[in-house]
Amino acid sequence: MPQSVLLGVSYLESRWDAHAGQPSSDAGFGPMHLTDAAAFTAGNHHNEGEEDARGDESRPLPAPTEQPAPADIPASLRTLERAAELTGESREKLRADDAANIRGGAALLADYQKALGAPLSDDPGEWYGAVARYSGAEEAGAAKFFADEVFSVIEEGVTRTTDDGEQVALKAVPGLEKIEKWLEKLGLRRTRPDGVECPASISCEWIPAAYQQLPDDDYGHYDLANRPFSQKVDYIIIHDMEGYFLPSIRLNQDPNYGASWHYSIRSSDGHIAQHIKTKDVGWQAGNWYINAKSIGLEHEGFLAEGGTWYTEAMYRSSARLVRYLALRHGVPLDRAHILGHDNVPGTLPTTVRGMHEDPGPFWDWAHYFQLMGAPLHQFGGPGAGSVMIKPDFATNKPYFYGCDRKNPEAACPPLPASTVWLRTEPRADAPLVKDIGKHPTGDSLYSVYDHSARATTGQRFAVADRQGDWTAIWYLGQKAWFHNPASAPTAVPSMGLVVTPKPGKATVPVYGRAYPEQEAYPEGIPYQAVTPLQYTFSAGEKYTLAGPAATEYYRAVTFNLEDHKVVRGRTKYLEIQFGHRVMFVKADDVQVTFSG
């Protein structure tokens, strides 16, 4: 078979990574992502905090239930078994040996080609149907999206350093003609209905979340709204499911389940299910202010195994969806508005500790923004007063523990990550900086589930100091040092606006939401207290400014949209990058300056 087809399929499945022999969220192994779910299944191992997804302490939700492993394992999750039959290799070797894994993938493609009655041709275009079949998709749109992306990679070419340090190149093959008749012979179902809010170039279907009245004046499990007319959407939140695609969707269809989100993205092929219209408010981010102003995207997989199988197909499909939504709603394509769930602040001092950590350190933010057409660029010279965190994802492999569910104290295998550790002094053996919200009496952890002393790709911070190969940033009210050698920088200059306390103000409080002042609430709507978090910052410290934050509270506590109201205040808030999470300050407490 054409080598270009094999390389293209492998790139979409794994970006040519072997992932240290670890399986994917849907039990795929090796560069060809051969699936072996019959031998490897697991339920939810949700270890990243027990936040209330709605994030409104005036009406708390019960703790979420766990997701089971799939009861029926489809053929798409058992491709390793078929590869073993075709090649004569053992399943153990196909999982662990890269060369055998690649041969197994080639054998599967050839098997699919023969089943279609297509020729075993040197022409890559003749393999279009077999490539679509390799996706495992049951939907025509998902199979076509996967095949189109594979052939796009083949036509454009790509070079990448893999997770074991090897450089692999796929030379461009321009002018390919895809033989689409082979796709039509697959007989897949068509799922894209009118009204689904997705770009035409990706595979989407409508699987609605439950909206239902329940006993005792309760209802589940999202809120009707009329965005952007009621409130503007300012954020898009990136999650992982900590579970599987189909079981997660079933939870979204249960009105008694205490969480909901707008879109689900499947790992194997990037197929998307929309559950809630973007005009309505999902219970997804653990912060009611953010929920009311955001759209939530859940990605199949687990945080601790994230980079193992955040597949290229998933990245590409999700990036196109985010760009589409951002343009529709006027959301800036930057890391202050395209947030991970781990960047969403707690609402009160008591909720900070339980906030979630997904999608975690193995999500490739730089690649994601590149696919959105909004690459994370340097802005300014070497002495700029602020920096953007941007380590080289392929070579940046910091120490973590907690990736092995059976041995949670064991070190994770060295895996590419988008994060850097922050220390109290400019040396590699210095303690990690502390986060008094996450660990009121203890130290930050090297756990994959603990971001207390980490800064992540795309986040901008004001520079506090420089010494040799080390740079210090202002972070949670303290200097935080990270290794940033000129020969292999982990941050780039990024000039912009910063905030600092107004003259004469000793400390400035920070907030997890930008709620109105008490006088703004009309009769019949209870005042929502404006409570500062446990953090403050002092004169001399600087924090990068993301922009103004709307002073709003969305009152939605009934089943009927007619009862819902938006309370708007006069207090002006600003969004800042304060630690790993964004937070808010009152404009009257700070002055804004340019950090050149």
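Temperature 4 °C, viscosity 1.567 mPa s: under these conditions the Stokes-Einstein estimate for the stretch 203-293, based on its Kirkwood radius over C-alpha pairs, is 95 µm² per second. Count Lys and Arg as plus one, Asp and Glu as minus one, and take only other residues whose Cβ is under 14 Å from that of Gly175; the net charge is then -2. By the rule of a C-alpha distance below 20 Å, with chain neighbours fewer than 8 residues away ignored, the lysines paired with Lys185 are Lys114, Lys144.
Can you give the FRET efficiency to the nearest 0.05 for Leu561 and Ala200, using r as the Cβ-Cβ distance and R₀ = 45 Å? That pair, Leu561 with Ala200, gives E of 0.95.
Only protein atoms count toward the accessible area here, which uses a 1.4 Å probe; on the stretch 256-359, the carbon and sulfur part of that area reaches 51 percent. Remark on Thr571: its backbone amide H falls under 5 Å from those of Glu517, a criterion applied only to residues 5 or more positions apart or on other chains, H modelled at 1.01 Å from N. Here's the list of aspartates and glutamates a cross-link from Lys279 could span, going by alpha-carbon distance under 14 Å and ignoring same-chain residues fewer than 8 apart: Glu197, Asp223, Asp234.
Counting 0.36 nm for each residue step from Glu409 to Ala506 and taking away their Cα separation leaves a gain of 30.8 nm.
For Gly547, the amide hydrogen comes within under 5 Å of the amide hydrogens of Glu575, counting only partners 5 or more places away or on other chains and with H modelled in the peptide plane.
Applying the criteria of a DSSP loop state and at most 16 other Cβ atoms within 10 Å to the GluC sites (Glu not before Pro) of the stretch 117-182 yields Glu138, Glu166, Glu177, Glu180. Could you give the longest part of the chain that holds none of the chymotrypsin sites (Phe, Trp or Tyr not before Pro) found in DSSP loops with at most 13 neighbouring Cβ atoms within 10 Å? So the longest stretch without any such site is 1-228. For the stretch 303-349, trypsin sites (Lys or Arg not before Pro) meeting the loop criterion (DSSP other than H, G, I, E, B) and having at most 12 other Cβ atoms within 10 Å: none.
Here Thr424 sits with roughly 60 square angstrom of accessible surface, probe radius 1.4 Å. Taking 22 Å as the cut-off for C-alpha to C-alpha distance, list the pairs among Lys438/Lys565; Lys277/Lys572; Lys434/Lys586; Lys232/Lys565; Lys390/Lys502 that go past it. Result: Lys438/Lys565; Lys277/Lys572; Lys434/Lys586; Lys390/Lys502 exceed 22 Å. Using the Cβ atoms and a cut-off under 12 Å, what net charge is assigned to the surroundings of Arg91, where Lys and Arg are +1 and Asp and Glu are -1? With Lys, Arg at +1 and Asp, Glu at -1, the net is -2.
Full extension of the chain between Thr395 and Gln167 gives 80.9 nm of extra length, using 0.36 nm per residue less the Cα-Cα distance.
Near Lys505, within a Cβ-to-Cβ distance under 13 Å, what is the net charge of the other residues, with Lys and Arg +1 and Asp and Glu -1? Net local charge, Lys505 excluded: -1. Couplings for the stretch 99-104, taken from phi via the Karplus curve 6.51 cos²θ - 1.76 cosθ + 1.60 with θ = phi - 60°, read 4, 5, 4, 5, 4, x Hz in order; Gly and Pro are left as x.
Note that the stretch 130-138 has calculated 3J(HN,Hα) couplings of 5, 5, 4, 5, 5, 4, x, 5, 9 Hz, one per residue in order, obtained from phi through the Karplus relation 6.51 cos²θ - 1.76 cosθ + 1.60 (θ = phi - 60°); glycine and proline are x.
With the alpha-carbon atoms of the stretch 85-174 aligned to their principal axes, the span from lowest to highest coordinate is 32, 31, 26 Å, starting with the largest. For the stretch 79-84, the Karplus equation 6.51 cos²θ - 1.76 cosθ + 1.60, evaluated at θ = phi - 60°, returns couplings of 6, 5, 4, 5, 4, 5 Hz by residue, with Gly and Pro reported as x. Only protein heavy atoms count here; under a 1.4 Å probe, Ser76 has an accessible surface of about 40 Å².
Could you list the residues of the stretch 245-288 with an amide nitrogen less than 16 Å from a label point located 7 Å from the Cα of Tyr211 in the Cα-to-C-beta direction? Correct set: 252-256, 259-263, 274-284.
Placing unit charges on the Cβ atoms only, positive for Lys and Arg and negative for Asp and Glu, gives the chain a dipole magnitude near 1500 debye about its Cα centre.
Recomputing Cα Rg over 2.2 N^0.38 Å from the coordinates shown identifies the correct label among [x] 0.97; [y] 2.55; [z] 1.04 as [x]. Residues within the reach of a label modelled at His439 (point 7 angstrom out along Cα to beta-carbon, backbone nitrogen below 17 Å), restricted to the stretch 390-415, are 399-403, 409-412. The residues of the chain expose, per residue, 38 Å² of accessible area to a 1.4 Å probe.
Of the trypsin sites (Lys or Arg not before Pro) found in the stretch 131-197, the ones in coil according to DSSP and having at most 15 other Cβ atoms within 10 Å of their Cβ are Lys171, Lys185, Arg190. For the chain, the mean residue ellipticity at 222 nm estimated from helices alone is -5500 deg cm²/dmol, where every DSSP H run of n ≥ 4 contributes -39500 (n - 2.57) and the total is divided by all residues, rounded to the nearest 500. For the pair Arg250 and Thr159, label points projected 7 Å from Cα toward Cβ lie 4.8 nm apart.
The values are calculated or read from the model by the stated rules, or taken from the named source; none is laboratory data. Fair warning: this is a prediction, and the values are worked out from it, not measured in the lab. So basically every Cβ, Gly included, is an ideal-geometry build from the backbone, and we count neighbours across all protein chains shown. Please note that ligands, DNA and RNA were not included when accessible areas were found on the heavy atoms of the full protein model with its side chains. Shrake-Rupley method; radii C 1.70, N 1.55, O 1.52, S 1.80 Å.
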